[in-house]
Each structure stands twice: as structure tokens, then as C-alpha cells.
1. Tell me which helices (runs of 4 or more DSSP H) are completely within the range 51-116 and hold 1 or more residues being polar (S, T, N, Q) and within 27 Å of THR185 (Cα to Cα), or say none if there are none.
2. Against the definition (assigned to a loop (DSSP other than H, G, I, E, B), surrounded by fewer than 18 Cβ atoms within 10 Å (Cβ to Cβ) and either of a type in the set (Lys, Arg) or outside the structural domain of ASP148 (by TED's automatic domain parsing) (or both)), how does GLU10 come out, yes or no?
3. In the range 13-46, which residue that is in contact with an Asp or Glu (Cβ under 7 Å, 6 or more places away or on another chain) and closer than 21 Å to ASP80 by Cβ is surrounded by the fewest Cβ atoms within 10 Å (Cβ to Cβ)?
4. Can you name every residue in the range 265-281 that is outside any helix (DSSP H, G or I) and surrounded by 12 or more Cβ atoms within 10 Å (Cβ to Cβ)?
5. Going by the structure shown, is PHE145 modelled with pLDDT under 85 and not in a loop (DSSP other than H, G, I, E, B)?
6. Is it true that ASP186 is loosely packed, with under 13 Cβ neighbours inside 10 Å and either over 24 Å from GLU142 (Cα atoms) or at pLDDT 80 or above (or both)?
7. Taking LEU23, is it among the hydrophobic types (A, V, I, L, M, F, W, C) and out of contact with any Gly (no Cβ under 7 Å at 6 or more places or on another chain)?
Amino acid sequence: MSEEKVLTKEIAEQFLNNQETELSAYAKINDDAAELLASHEGDLLLDDLNAISDQSAQLLSKHRGYLQIDYSFDDNSKMDLSDKAAEFLASHENLETNNRKIKNFSGKALGFEIKNYQRISPTNADGETLSVNCPGGVFTDEADFIFDGVQIHIAVVENNAGRKTIINHEYKVQDMNDEFLKLFTDMIADKLVEGLEDGLVDLEGDWFMDVEEIEKIAKHYPEFLRKHKNEGGSQADSDDPISALNQELEIALNKKEKHKSGESRLSTDEFRALLNQIVDLKDQIETLSCPEQSRINSMLKQIDGNK
């Protein structure tokens, strides 16, 4: 089996010097090569990459020309990349890709998988299935929806009067603090009652939704994915306290940015507590990362306090 070709810094330099190097011949890319190529204002055709690091994705997202990555005419996506790398690449202003994960994060499309769809109809005392027009009938349509590895169970309960209640994991979705789920379930309610088929769904291609409708839903997708992947068990390694603290710090900093942008306002006391939490987390990370330097910093602070 032949070894996969790696796009190195030297190859990137050759491309920038003569632009005759076929970048699409490489399956992997080094971070320093990505940094060089990001400065190129012309086209970058990286069709055959099958993996990319978060760092390389972030660097390439700053490229100002046309970028083609994980793209083919047969519409098959093959690149292995993290959610963060997908989010970085999705921010590129002139990107062509077939990669579903990147397209999900771009806000221009949204793809997911439906599993275990079923319609549950009530029966009478004789075991006969009631029709929609029968008094007292309560009908349920439900399915599992899978978004980049996050599985959400959604059910639409409809009584014979046509009143619908949308439920997600035993909660009414309207009562949840999750904008993506609220918008998605509102859109999916009628589809679920009509009846669905298990399989992959592309909102733009399969259900022919307007781009504006997709954008309205998909702009909340990254936040939804981060939240539910954390809740779903992809927590930091419990044996790595620094990783766990960094994750807490990232969440706290995100809350701070939302407060500053006005997206999610905190009270004065809540904001002050958040700032104290951020300082405390940074101190804990510094202590674990470099205990000697932390001890010196602590001594310096004590000396300043005694002046």
C-alpha cells in the first residue's frame, strides 16, 4: 500500500514560486504549509485532502482567494476533520466543498440523518386503530435526528382536534433554551406528522427549502453542536485536569463574549462572578502547567501587597 503524500512547507514554497505544483495530489497537509498557502491570493485546489488539523483549517480559513477542498463531481465527501476545523473552514469567503460537516457550519445548508421514524396511533378497547377523526385519539410521530454525531429524539403529539405538542427528550421544546432546536422542530413538525423516511436529508437539495430559511436555522447550529456534544459525554479527559479546566475556561470566555456583544445579557453581579471565575480558572491552569512559575508569581503578588 502506497504511503499518502504530504503537502509540506517545501512543496508549498515551490507552488508559490511557480504555481505549477499540483496541490490536489496531496492527501495531508502540514500546518506550516497551510500557513504559507494562506497568504496566496489566487486559487487553491486541495481536492484530495483526506484529513486536516484544526490549526491548518484555521490558517486556510484566512485565505482570500478561491479555495476548493474535499470537492468532487460525484458529490462524495471523504475528509476526516473535527467540528472546530469544519467551523474554521466554513468561515472561508469563497469555498467550494462537498463536505457535509463544513456545509452544515456554513449556514448555507444543513444535513442530518433520520432514524427510527414511527407513527403511533391509539387503539380502542378491541385493539382497533383509531382514525384521526375519532374522539379522544392522540397520535404520535417520532424519530431520531442525528447532527454530526449528536442524536436528538423529537416527537410530535397531535390530538384529534389538531393540537400539536413538540417534545424533545421528554421536554417540551418550547420550554428549552436552545434556539436551534426551537427553529428546527418548528420546521420539522409538519414533516413529522406527514410521515418521513429514514435516511440522509439535505434541507436544500431534498426538501428544497429557501436559503434564507436554512440560514435562519443553521446560524445557531455551531452553538447547538458544542452544547450537546458536551452534554452527550464528550467531556474532557477526567485524568487530565488541565484539559478539563481549559474546557471550563472556554465556556466562561464564550459567556463573556456573548454578554459584551449583547447576545446574552448578564446582571452586574453575574458578570462580576463570571470575571472572577475566569481569573480563577486561569490561575488554576497556570498552577498546574507551571507550578514553579506560579509559586514565583504568588510571592511577587504578596510582596506587592505588603508595600
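1. 100-106
2. no
3. By that ranking, first place goes to ALA25.
4. The answer is LEU266, and nothing else.
5. When the stated conditions are applied, PHE145 does not pass them.
6. Here the answer is no, as ASP186 does not meet what is asked.
7. So LEU23 passes the test.
Yes/no matrix, rows are residues, columns are (1) loosely packed, with under 15 Cβ neighbours inside 10 Å; (2) modelled with pLDDT under 90:
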| site | (1), (2) |
| --- | --- |
| ILE52 | no, no |
| GLN55 | no, no |
| SER82 | yes, yes |
| GLU96 | yes, yes |
| ASN124 | yes, yes |
| GLY137 | no, yes |
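The values are calculated or read from the model by the stated rules, or taken from the named source; none is laboratory data. These numbers were taken from a predicted model, which means no experiment stands behind them. Backbone-built Cβ (ideal geometry, glycine too); neighbour counts: all protein chains shown.
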